[in-house]
Amino acid sequence: MAYCIDKELCIACGACADSCPVGAISADGDVYTINADECLGCGICAGSCPQEAISEE
Ligand code: SF4
Ligand code: SF4
């Protein structure tokens, strides 16, 4: 199960990318994306997001 970022809520703070233990979150400018092939589904990023922009798909 992969997690997904709601781009409408994301403020591009970078906390999620810093928190991911496997580096599955990348940024292209201010657009943050979770690579579903790398995501373990641990949920750590969701807990780190101040905007609650990350949820399970
Ligand atoms: S759920 Fe875990 S593995 Fe997946 S992107 Fe978030 S922190 Fe990384
Ligand atoms: S932690 Fe939340 S607000 Fe910050 S970059 Fe990640 S998804 Fe966007």
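Mind checking which strands (runs of 3 or more DSSP E) fall wholly inside the chain and carry at least 3 residues that are open to solvent by 50 Å² or more (accessible area, probe 1.4 Å) and more than 9 Å from ligand 1 (Cβ to nearest atom)?
Working: elements: 3-5, 25-28, 31-34, 54-56.
Qualifying strands (runs of 3 or more DSSP E): 25-28.
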Counted residues in segment 1-21 being of a type in the set (Asp, Glu) and more than 8 Å from ligand 2 (Cβ to nearest atom) come to 2
Pairs, first over 10 Å from TYR32 (Cβ atoms) and charged (D, E, K, R) in segment 43-57, second part of a loop (DSSP other than H, G, I, E, B) and open to solvent by 40 Å² or more (accessible area, probe 1.4 Å), C-beta under 9 Å, six or more apart
GLU52/ASP6; GLU52/LEU9; GLU56/MET1; GLU57/MET1; GLU57/ALA36
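Taking segment 1-21, which residues are closer than 17 Å to GLU57 by Cβ and at pLDDT 95 or above? Give the derivation first.
At the first step, the residues of segment 1-21 found to be closer than 17 Å to GLU57 by Cβ are 1-10, 16, 20.
Hits for segment 1-21 are TYR3, CYS4, ILE5, ASP6, LYS7, GLU8, LEU9, CYS10, CYS16, CYS20.
The values are calculated or read from the model by the stated rules, or taken from the named source; none is laboratory data. Computed from a predicted structure; not experimentally measured. Counting neighbours? That spans all protein chains shown, and the Cβs are built from the backbone with ideal geometry, glycine included. Quick note on the areas: whole protein, heavy atoms, side chains included, nothing else; ligands and nucleic acids left out. Shrake-Rupley method; radii C 1.70, N 1.55, O 1.52, S 1.80 Å.
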